[in-house]
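These notes are about the structure you will find just below.
Please treat every number below as a calculation from the coordinates, not as lab data. What you see is a predicted model, and the numbers here were worked out from it, not measured in a lab. FYI the Cβ positions are ideal-geometry reconstructions off the backbone, even for glycines, and counts take in every protein chain you see.
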Ligand SMILES: C[S@@+](CC[C@H](N)C(=O)[O-])C[C@H]1O[C@@H](n2cnc3c(N)ncnc32)[C@H](O)[C@@H]1O
């Protein structure tokens, strides 16, 4: 079994306590994922442990300085464990490419992910430029700037948690029933651009609402056809395609 290594750099390490819970926590205990959270302020040199400064050109708010980021990222990079490992740097930002299940699948095949969690007005743009330049940083696997959606969060921590959870549940052994991953909304293959249709459990009648008859028919072909049809209907009705 290969362990997927994930490093997170943040000014709020405590934000990542929920990773100890549920599937991701279990995956850590079982050695499927190795998550290390680092405090960006440990890589500052002034007594105030400052990580931000005013933006060139003026404007409201503060920007994260490149210097502590450079030192933190270099320190993480130097703690390589296996030969030939190159980390992929993921920088959450509202201006990044949208997070998709396809990206989660791709990153689940990567053995080392590093998250840079921005705060304030974000991170000096040269950080992404520097680590994304294969000539300057050949020991990195590049940079992906990723957005959770068209809205603005206060920091990249929530985005990193979301991505870590989406990636982790795709790693072999994390979700006990592998079929539940292939049947999910947006799963690679037949579901790639579809969401899952409605699902039901007992009781068969609840507050006057019945479970669709086909689901209790025991006819697996009919059930599969109904589910495929419902996935189409729901995807179209929610304008997801
Ligand atoms: C207040 S936001 C900065 C917004 C930035 N000034 C802009 O307008 O694009 C602070 C940080 O939150 C995170 N963030 C905010 N919205 C996000 C989103 N939709 N997706 C991913 N990360 C986000 C990023 O790490 C960002 O650097």
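Could you tell me which of rounded, prolate or oblate describes the stretch 193-237, using a ≥ b ≥ c as the square roots of the eigenvalues of the alpha-carbon gyration tensor, with rounded for a/c under 1.5 and, failing that, prolate when a/b is larger than b/c and oblate otherwise?
In terms of gyration-tensor shape, oblate.
Relative contact order for the chain using alpha-carbon pairs under 8 Å, separation at least 6, rounded to a whole percent?
19
Please figure out what share of the DSSP beta bridges in the chain is antiparallel and state it in percent, rounded to the nearest 5.
Percentage antiparallel, nearest 5: 15.
Report, to the nearest 10°, how far helix 220-237 tilts away from the longest principal axis of the Cα atoms in the chain, using its own Cα long axis and a range of 0 to 90°.
Helix 220-237 sits roughly 50 degrees off the main axis of the chain.
For the stretch 1-144, what's the relative contact order in percent, using C-alpha pairs closer than 8 Å and at least 6 residues apart?
29
With the Cα gyration tensor of the stretch 31-129 giving a ≥ b ≥ c as the square roots of its eigenvalues, does the rule (a/c under 1.5 for rounded; else a/b larger than b/c for prolate; else oblate) give rounded, prolate or oblate?
oblate
Over the stretch 180-237, what relative contact order in percent results from Cα pairs under 8 Å that are six or more residues apart?
Relative CO of the stretch 180-237 lands at 33 percent.
With a 10 Å Cβ neighbour count serving as the proxy for reagent exposure, in which order, fewest first, do 22, 78 appear?
78, 22
If you count, for each residue, the other Cβ atoms within 10 Å and average over each peptide, how do 138-147, 93-102 line up from highest to lowest?
Per-residue mean Cβ counts within 10 Å order the peptides as 138-147, 93-102.
Listed highest first by mean packing, meaning other Cβ atoms within 10 Å per residue, what order do 85-91, 113-119, 51-57 come in?
113-119, 85-91, 51-57
Once a ≥ b ≥ c are taken as the square roots of the eigenvalues of the Cα gyration tensor of the stretch 4-168, is the result rounded (a/c under 1.5), prolate (a/b larger than b/c) or oblate (a/b not larger than b/c)?
rounded
Fewest Cβ neighbours within 10 Å first, please rank 176, 65 accordingly.
Listed from fewest to most nearby Cβ atoms, that is 176, 65.
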